Amino acid sequence: MYTPRFTAWVAVLASASIAMAQTKVPVVERKGFDAIQQQDLRSDLSFLASDKLEGRMSLQPGDDAAIEWVAQQFSKAGLKPIASGQGSAGYKQPFELIEYVPDRINTSLTLKRSGVYTTFHAPQAFGAYKQAVDLTAPVVFAGYGITAPELGYDDYKGLDVKGKIVLVFDHEPQEDDPHSIFNGTGNTRYATSRVKLLNAQEHGAVAVLLVPEPNRKHLTNAERAAKIGGSIVRETPLPLQAIAQDEVTIPLAGINDDVAKILLANAGESPSELQAAIDKDLSTQSRALADTELTLHLRNKSERAGTTYNVAGLLEGSDPKLKRETILITAHHDHDGMAPCPVGKSGIDEKGDIVPAGPACKEIWHGADDNGSGTVGVAELAKAFGENRARPRRSILFVVFAAEERGLLGAYWMAAHPVRPLATTRAQINFDMIGRDEKPSPQTDGLITIPSDTSNRLNLIGALYSPQYNRVVEQENKRVGLTLDDRFDHETALNVFFRSDQFPFVLHNVPAFWWFTGFHPDYHHTTDTVEKIDFPKMQKILELAYLSAWRFASDAVPPAFVASPIPPNGKSR
């Protein structure tokens with residue numbers, strides 16, 4: 001019941017609780033800890049998620065404005081610009097993207113068998129590449145397309161794929177087995193299509209065909225994405241983007257179950273039988289497919305080149321030797337842009353209010369949580385560390401990546417062209433959506449259990465590859481009091497492990513976690529606006545990140561990367 005006296009007493013108790021928590025923070029860290037303030041978070045995020053920035057689409061003026069804003073924040077925080085020797089200017093690391101719009105009608109896959117030609121189009125077969133592709137080659141089945149020497153597993157063992165197209169299953173073997181060497185019921189870094197592409201390319205293949213596992217117990221990636229709605233199904237489709245000078249140089253195409261059955265008709269076993277044989281004992285089932293030749297024909301409606309930027313600034317460590325080592329604190333600045341409102345439909349402005357239908361109406365994907373929250377979080381921590389006279393022993397590189405929504409492109413670029421050596425990068429804290437409470441949504445319905453109360457909950461993703469990192473965060477959380485959750489390390493249906501900017505660094509053996517408050521119905525919708533952000537919770541998350549980063553940067557022994565992890569109650573091969 002409300003009374004002025006009761007409210008005053010509650011305020012006293014709250015102040016006392018805050019004071020008790022802060023007395024636990026080491027004196028050397030206190031000034032920066034105290035600098036993390038909700039009013040700053042609200043003010044900064046109100047700008048980044050405003051209509052003015054038009055949804056921060058990569059290669060569009062709104063995202064260019066976000067890039068400049070981040071660079072200004074790093075300058076104000078006193079961070080050092082990154083080395084110009086890396087092709088960088090000030091705080092910005094440029095790289096070139098190709099933006100393209102696939103021509104689904106004129107894209108095709110043609111099978112030649114026994115002199116007969118059969119052509120498949122979307123949705124049976126579909127693909128996209130940054131430039132036109134015409135290639136013809138024999139087809140080889142390569143299991144799940146995985147080479148994992150540390151796990152004793154190799155789909156390419158004894159298989160000649162040079163100059164050929166490889167057909168592979170999506171995901172990983174035994175993903176429903178909690179004792180599987182592939183992280184039990186979770187994902188390892190081998191489950192994603194980019195890793196499969198790089199592996200096929202290294203073995204000499206000219207293209208990859210990816211098919212969902214025939215015995216799967218989850219939605220396909222396309223089905224899951226379609227359930228998100230919002231920008232995924234917008235009337236003006238989002239263009240695709242790719243790194244102009246990427247490590248991946250071969251195309252990927254997808255096929256459905258029916259096409260897979262046709263292509264594997266000469267394999268001696270059905271797709272379901274092949275998967276079951278691999279999953280039974282991890283035995284190699286890879287093989288050439290007799291009398292199976294494919295022509296891949298990919299076309300785009302448009303292609304254009306543009307330059308975008310990762311933004312990075314350095315807080316140099318205090319130890320003469322350890323300052324050569326690096327801790328990363330990262331996020332991404334882009335989102336899904338804007339488009340004209342469909343005829344007769346209204347829009348949503350930055351405050352969540354209705355914009356009437358009409359010629360002036362714009363659909364703006366504001367991206368307050370995704371990932372305005374993470375961008376503001378990185379800027380706030382740069383300011384907090386800059387407030388301290390004392391510095392941690394190792395250096396901290398603050399980075400806000402470009403083009404995450406288009407496929408983690410900025411993170412992949414920096415991982416391939418690091419501004420600090422990755423061999424001495426000791427940990428990464430990656431923020432992506434740290435401003436909301438997790439809620440059921442069409443994307444997650446039936447796929448993952450969401451706790452009834454997520455108001456104090458933070459998901460940490462990546463402990464499989466660095467339990468020591470996880471222990472540090474748990475220890476520092478005793479000062480903050482969040483509820484930490486590792487559910488997303490133990491599921492495969494949502495592909496969460498490789499959906500944010502920590503993943504490219506995991507591929508380079510960096511202990512890297514995604515800090516994430518979870519999905520909600522506004523994810524990738526125009527309704528992801530500032531008034532829905534939980535700023536008190538966001539402040540607590542940043543306080544925990546500040547304390548954890550200080551530990552990573554100052555402990556005598558940094559977190560170790562576990563290249564050959566074994567899941568809980570698991571077994572080695």
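A few remarks follow.
- Residue satisfying all of: in region 370-425; within 18 Å of ALA549 (Cα to Cα) and among the acidic types (Asp, Glu); surrounded by the fewest Cβ atoms within 10 Å (Cβ to Cβ) among these: GLU387
- When residues in region 467-493 are screened for being more than 19 Å from the chain's Cα centre (by Cα) and among the small types (Gly, Ala, Ser), 1 of them pass.
- Single residue of SER302, SER318, SER346, SER373 found to be in contact (Cβ under 8 Å) with a residue 24 or more places away in the chain, polar (S, T, N, Q) and under 21 Å from GLU54 (Cα atoms): SER373
- Selection count where residues are among the polar types (S, T, N, Q), more than 16 Å from MET538 (Cα to Cα) and either in contact with a helix residue (DSSP H, G or I) (Cβ under 6 Å, 6 or more places away or on another chain) or buried (at least 16 other Cβ atoms within 10 Å of the Cβ) (or both), scope region 443-494: 6
- In the condition set (1) in contact (Cβ under 8 Å) with a residue 24 or more places away in the chain; (2) surrounded by 17 or more Cβ atoms within 10 Å (Cβ to Cβ), VAL355 is compliant with all but (1).
- Taking every residue in region 529-546 that is over 10 Å from ILE434 (Cα atoms) and among the polar types (S, T, N, Q) and pairing it with any residue that is outside any helix (DSSP H, G or I) and at pLDDT 95 or above, at least 6 positions away or on another chain, the pairs with Cβ-Cβ distances below 7 Å are THR529/ALA49; THR529/HIS366.
- Of all residues in region 97-107 being more than 17 Å from VAL208 (Cβ to Cβ) and over 27 Å from the mean Cα position of the chain (by Cα), the one that is surrounded by the most Cβ atoms within 10 Å (Cβ to Cβ): ASN106
- Residue check, ILE243 surrounded by 17 or more Cβ atoms within 10 Å (Cβ to Cβ), within 28 Å of the chain's Cα centre (by Cα) and in contact (Cβ under 8 Å) with a residue 24 or more places away in the chain: yes
- Of the set (1) within 26 Å of LYS162 (Cα to Cα); (2) part of a loop (DSSP other than H, G, I, E, B), all apply to ARG104 but (1).
- When we screen THR444, THR517 for residues that are hydroxyl-bearing (Ser, Thr, Tyr) and in contact with a Lys or Arg (Cβ under 8 Å, 6 or more places away or on another chain), the only hit is THR517.
- Looking across region 199-241, the residues that are among the polar types (S, T, N, Q), outside any helix (DSSP H, G or I) and either touching a Cys at 6+ places or on another chain (Cβ under 9 Å) or modelled with pLDDT of 90 or more (or both) come down to ASN215, THR220, GLN241.
- Look at (1) in the same structural domain as ASP44 (by TED's automatic domain parsing); (2) in contact (Cβ under 8 Å) with a residue 60 or more places away in the chain and you find that ASP64 fails only one, number (2).
- Applying a threshold of 7 Å to beta carbon distances and a minimum spacing of six or more residues, or different chains, the list of pairs starting in region 138-163 at a residue that is part of a helix (DSSP H, G or I) and ending at one that is of a type in the set (Lys, Arg) reads LEU151/ARG573.
- Filtered residues of region 184-193 (kept if within 16 Å of VAL166 (Cβ to Cβ) and touching a residue at least 60 places away in the same chain (Cβ under 8 Å)): THR192
- Looking across region 526-562, the residues that are crowded, with 22+ Cβ neighbours inside 10 Å and not hydrophobic (A, V, I, L, M, F, W, C) come down to THR526, ASP528, THR529, GLU543, TYR546, SER548, PRO558, PRO559.
- Filter result for LEU219 (touching a Leu at 6+ places or on another chain (Cβ under 9 Å), in the same structural domain as GLU175 (by TED's automatic domain parsing), on the phi < 0 side of the Ramachandran plot and surrounded by fewer than 19 Cβ atoms within 10 Å (Cβ to Cβ)): yes
Residue-wise test of (1) buried (at least 18 other Cβ atoms within 10 Å of the Cβ); (2) within 25 Å of the chain's Cα centre (by Cα); (3) aromatic (Phe, Trp, Tyr); (4) not in a strand (DSSP E or B).
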site: GLU293; (1), (2), (3), (4): no, no, no, no
site: ALA305; (1), (2), (3), (4): no, yes, no, no
site: TYR309; (1), (2), (3), (4): yes, yes, yes, no
site: ASP319; (1), (2), (3), (4): no, no, no, yes
site: LYS323; (1), (2), (3), (4): yes, no, no, yes
site: THR330; (1), (2), (3), (4): yes, yes, no, no
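- Among the residues of region 148-158, those that are more than 18 Å from VAL562 (Cβ to Cβ) and surrounded by fewer than 20 Cβ atoms within 10 Å (Cβ to Cβ) comprise ASP154, LYS157, GLY158.
- Scanning region 261-274 turns up no residue that is of a type in the set (Val, Ile, Thr), part of a loop (DSSP other than H, G, I, E, B), at pLDDT 95 or above and more than 30 Å from THR307 (Cα to Cα).
- Qualifying residue in region 111-128 (condition: in contact (Cβ under 8 Å) with a residue 24 or more places away in the chain, over 22 Å from LYS261 (Cβ atoms) and either of a type in the set (A, V, I, L, M, F, W, C) or surrounded by 23 or more Cβ atoms within 10 Å (Cβ to Cβ) (or both)): yes
- Some residue of region 476-495 being assigned to a helix (DSSP H, G or I), closer than 30 Å to VAL27 by Cβ and not assigned by TED's automatic domain parsing to the domain that holds LEU238: yes
The values are calculated or read from the model by the stated rules, or taken from the named source; none is laboratory data. Note that this is a predicted model, so its numbers are computed, not measured. Every residue, glycine as well, gets a Cβ built from its backbone with ideal geometry; the counts of neighbours run over all protein chains shown.
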